[in-house]
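Data first, discussion second: the structure below is written as structure tokens.
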Number of protein chains: 2
Amino acid sequence: MTYQALDSESVIDYLKDRSALEEVIPNRDDLVAKEVGDGNLNLVFIIESQGDPDQAVVLKQALPYLRVAGDSWPLTRERMRFETQALLKHNELAPGLVPLVYVSDEDMSLVVMEYLGNHRIMRQPLVERRKFPHFVDHISTFMARSLFFTSDLYLTGVEKKEFQAKFINPHMCKIQEDFVFTNPYMESAENQWNPEIDAEVQAVRANGELKLALAEMKESYMTHGQALIHSDLHTGSVMVNETDTRVIDPEFAFFGPMGFDVGAILENLVLNYLSHYAHTPDPDERAEYQAYLLEMVRDVWNEFARKFDAVWAENNCGELMPTKYWNFPAGEEIFAEFRRRYIQKILHDAAGHGGCKMLRRMMGIVNIWDITSIEDLQKRAVCERLAIKIGSRWVLERGKISSVDDLIRIVAEETKAA
Amino acid sequence: MTYQALDSESVIDYLKDRSALEEVIPNRDDLVAKEVGDGNLNLVFIIESQGDPDQAVVLKQALPYLRVAGDSWPLTRERMRFETQALLKHNELAPGLVPLVYVSDEDMSLVVMEYLGNHRIMRQPLVERRKFPHFVDHISTFMARSLFFTSDLYLTGVEKKEFQAKFINPHMCKIQEDFVFTNPYMESAENQWNPEIDAEVQAVRANGELKLALAEMKESYMTHGQALIHSDLHTGSVMVNETDTRVIDPEFAFFGPMGFDVGAILENLVLNYLSHYAHTPDPDERAEYQAYLLEMVRDVWNEFARKFDAVWAENNCGELMPTKYWNFPAGEEIFAEFRRRYIQKILHDAAGHGGCKMLRRMMGIVNIWDITSIEDLQKRAVCERLAIKIGSRWVLERGKISSVDDLIRIVAEETKAA
């Protein structure tokens, strides 16, 4: 089929013919569709049976341009291939933590997947101070398994490189290279920031040590092909409810540094923490929920590290390094030490990448709803100034971070000082 | 044409039909061929015109197996595609420092190139204490240009990743992963070492800190896609004469850490240095030539660093980082500092990778002629023990190396102590 962008009528014709949907929506004669995309790159339809609205799917189709920038930023539709490949791999490695895939159609640049009608994008409920008792367990499992099993720690060198070849994703990488690591920190027409923090933004853009560190993080992002990373794992890419967690939208997936994914989760929890200075005026309510969020930061990292180490110790069949290599007196302890140092390096990278991402949210093209939803610009600025201080320290001090408590201590020090 | 391994008769028929050779050997009716390959993976023929032996070419054809291991180690012939691609790129980036390519034939897994009859593989003349007054200039230019212009410092992110996709070279990488970074340091049937140094070899294999460091260098080799590296740049891959230098055999080329190439050159000069304890009994002659070799180590690094920095400052059009990013007060100095730190990191990697390669030559499958040509095993052991000490220190102390003088100091300290 030749590519054509679907609308809420043609999408119904398209789905009628898909026998792969037989089990999900047996009768596809009374479908209704609505377009719900709020992303920047894609059309997203929810299609349900009028007879039984519980029978529903989502269809996501890539547009040939970046929506937020209009037609001026052409993007290849191949990104849907990356998203589909990654979704299928994530379903294999972390079943139940991503949406099921029913149909993938490369010509049409689309994927049809499970409708998550009982889930919400995580950002808003975090602003509402909801709690998600299984999130820590779920997201740490997702990260530990999706990263470990696509790395040289589990795959043979040949398997890994052949898989990596399928995820050379230069146009999507370019978006992150520009909008996470470069443009926010220099003059660039698309940047946007709260005028109240203009002085702080300009100070970042002229801070030599920080600019060096940001450039080093960009180098890490561009060259460290460690594992298949999601590469956009903020709380807007996580759907949750009381019992369930799903990671969506892996269209940026490629072989990059593990710490970029881990840092994205930690950093988004911290930005949400800061947003409560405005969203939650009651000091007790605020303190209680902020403590909950920092506990999540601590637990996400510690559970990730524990699970990553365990899955490695149990499945050490990758090219780096065969168990036989550790077969010498004290070899078992030295192998454990190698794992410890490797995981420590992921924490350093998470601090560095998380710090970059915190900064870019304050002064780049894509800000963050947790904070932009604060209407009073002065109150918003309070959060943003703290984010700039914390993000800068995470980046600059990344090499000295010895545990997640150091990251939390930086948050505590800066918020106490404010 | 279907693949068939050529012999010294069929190779002549093959070349007769190549019109691309018109300028090099206009009359191809009286060709003679001899097979001269001493490599492990390929057939190599020299074919010349009987009427004018100055009219000659080399034909190199990949065999479908690793010669040194017989038929038991099957290898795909695609490696000739990598070699040809790399030779063409090197001709473009460092003209005159690699052989010219006349014919490349992917079906037949072969390349026809310039015959370097007036050049010698560098290893043996270094044992004979020859001097090559242009080598430092040539090899530093080759490395600075081939590495810089294939990195994110010069290419756009999209260009680099699309080029990288053509150099996913998993089977050749696997050889280096096994034989440089893994098997020498554990029990593996193909390992060979001088029985005189058995105690030292076993000590390396049980040295926890060293094994950790070697594993970290393997991680660097496997994941740090920094630039198109030659990936086998020892003095057996360099052909020289008084005036000219050519880098050959880039069949291992892929996107890896720059320090792996630089470290290979430095390390091979040091191993040659050590070999003179046996090859050059006269103390004055030895001291004079060893000083020459250490001066080469110093100059190769310093010239490489100087040229790399200069070519970067003059051609900063790569994705990492645009000149505009450095446009702030003090930005020029900070950009210079970024280059300094980046190049310093190449030196650390060169120390680490060079150290690994020094060690593997003492206890792995592929030893080194400079040293194996020492017939007296006790004299040979003197050199080998020093190589193990120096290589171990280069790996373990790599993070603290601040200039090439530190690498040379380690050589001096260990040889003085011996």
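The values are calculated or read from the model by the stated rules, or taken from the named source; none is laboratory data. It should be emphasised that the depicted structure is a prediction, and the values quoted were computed from it without experimental measurement. Cβ placement follows ideal geometry from the backbone for every residue including glycine, while neighbour counts extend to all protein chains displayed.
Of all the criteria given as (1) more than 12 Å from chain B (Cβ to nearest Cβ); (2) farther than 23 Å from B:Q226 by Cβ, the one not satisfied by A:F252 is (2). Would you check which residues across the range A:78-94 are in contact (Cβ under 8 Å) with a residue 40 or more places away in the chain and touching a Leu at 6+ places or on another chain (Cβ under 8 Å) and list them? Listed by number, the residues that qualify are A:R79, A:M80, A:A86, A:K89, A:H90. Yes or no: the range B:212-231 includes at least one residue that is within 9 Å of chain A (Cβ to nearest Cβ), touching a residue at least 12 places away in the same chain (Cβ under 8 Å) and of a type in the set (V, I, T). No; the residues of the range B:212-231 include none that is within 9 Å of chain A (Cβ to nearest Cβ), touching a residue at least 12 places away in the same chain (Cβ under 8 Å) and of a type in the set (V, I, T). Here is the figure for the range A:167-177: residues that are at the interface with another protein chain (Cβ under 9 Å from one of its Cβ atoms) and assigned to a helix (DSSP H, G or I) total 5.
Does A:T150 satisfy the condition of being touching a Leu at 6+ places or on another chain (Cβ under 6 Å) and either surrounded by fewer than 22 Cβ atoms within 10 Å (Cβ to Cβ) or assigned by TED's automatic domain parsing to the domain that holds A:F304 (or both)? So A:T150 passes the test. Restricting B:L147, B:L155 to residues that are within 14 Å of chain A (Cβ to nearest Cβ), at pLDDT 95 or above and in a loop (DSSP other than H, G, I, E, B) narrows the list to B:L155. I'd like to know if the range A:99-106 contains one or more residues that are part of a loop (DSSP other than H, G, I, E, B), free of Cβ contacts under 8 Å to residues at least 60 places away in the same chain, surrounded by fewer than 19 Cβ atoms within 10 Å (Cβ to Cβ) and outside the structural domain of A:D261 (by TED's automatic domain parsing). Taking every residue of the range A:99-106 in turn, at least one turns out to be part of a loop (DSSP other than H, G, I, E, B), free of Cβ contacts under 8 Å to residues at least 60 places away in the same chain, surrounded by fewer than 19 Cβ atoms within 10 Å (Cβ to Cβ) and outside the structural domain of A:D261 (by TED's automatic domain parsing).
Yes or no: B:L320 within 14 Å of chain A (Cβ to nearest Cβ) and surrounded by 22 or more Cβ atoms within 10 Å (Cβ to Cβ)? When the stated conditions are applied, B:L320 passes them. Restricting the range A:324-352 to residues that are more than 10 Å from every other protein chain (Cβ to nearest Cβ) and farther than 20 Å from A:L266 by Cβ leaves a set whose member that is farthest from the chain's Cα centre (by Cα) is A:E332. Among the residues in the range B:242-251, are any more than 24 Å from B:F135 (Cβ to Cβ), in contact with a strand residue (DSSP E or B) (Cβ under 9 Å, 6 or more places away or on another chain) and of a type in the set (S, T, Y)? Scanning the range B:242-251, I find no residue that is more than 24 Å from B:F135 (Cβ to Cβ), in contact with a strand residue (DSSP E or B) (Cβ under 9 Å, 6 or more places away or on another chain) and of a type in the set (S, T, Y), so the answer is no. Of the residues that make up the range B:367-387, is at least one β-branched (V, I, T), assigned by TED's automatic domain parsing to the domain that holds B:P283, surrounded by fewer than 22 Cβ atoms within 10 Å (Cβ to Cβ) and closer than 24 Å to B:M222 by Cβ? No, every residue in the range B:367-387 fails to be β-branched (V, I, T), assigned by TED's automatic domain parsing to the domain that holds B:P283, surrounded by fewer than 22 Cβ atoms within 10 Å (Cβ to Cβ) and closer than 24 Å to B:M222 by Cβ. Applying a threshold of 6 Å to beta carbon distances and a minimum spacing of six or more residues, or different chains, the list of pairs starting in the range B:133-157 at a residue that is among the β-branched types (V, I, T) and ending at one that is assigned to a loop (DSSP other than H, G, I, E, B) reads B:T156/B:E319.
Look at (1) at the interface with chain A (Cβ under 7 Å from one of its Cβ atoms); (2) under 16 Å from B:C356 (Cβ atoms); (3) among the aliphatic types (A, V, I, L, M) and you find that B:V180 fails only one, number (1).
Pairs meeting the criteria (first residue in the range A:281-298 and free of Cβ contacts under 8 Å to residues at least 40 places away in the same chain, second residue outside any helix (DSSP H, G or I) and hydrophobic (A, V, I, L, M, F, W, C), beta carbons under 6 Å, at least 6 apart or on different chains) are lacking. Within the range B:255-272, if we keep just the residues that are of a type outside the set (G, A, S) and touching a strand residue (DSSP E or B) at 6+ places or on another chain (Cβ under 9 Å), the residue that is farthest from the other protein chains (Cβ to nearest Cβ) turns out to be B:N268.
Is there a residue in the range B:185-206 that is among the aromatic types (F, W, Y) and facing chain A (nearest Cβ under 9 Å)? Checked against the condition, which is being among the aromatic types (F, W, Y) and facing chain A (nearest Cβ under 9 Å), the range B:185-206 yields at least one hit. Close Cβ contacts (under 8 Å, 6 or more residues apart or on different chains) running from residues in the range A:118-130 that are more than 16 Å from A:L274 (Cβ to Cβ) to residues that are modelled with pLDDT of 95 or more and among the acidic types (D, E) comprise A:N118/A:D244; A:H119/A:D244.
Give B:V395, B:V404, B:V411 a once-over and let me know the one that is under 15 Å from B:F260 (Cβ atoms) and crowded, with 18+ Cβ neighbours inside 10 Å. Testing whether each residue is under 15 Å from B:F260 (Cβ atoms) and crowded, with 18+ Cβ neighbours inside 10 Å leaves just B:V395.
For the structure I just gave you, tell me whether A:T235 is under 23 Å from A:H348 (Cβ atoms) and within 14 Å of chain B (Cβ to nearest Cβ). No; evaluated as a whole, the condition is false for this residue.
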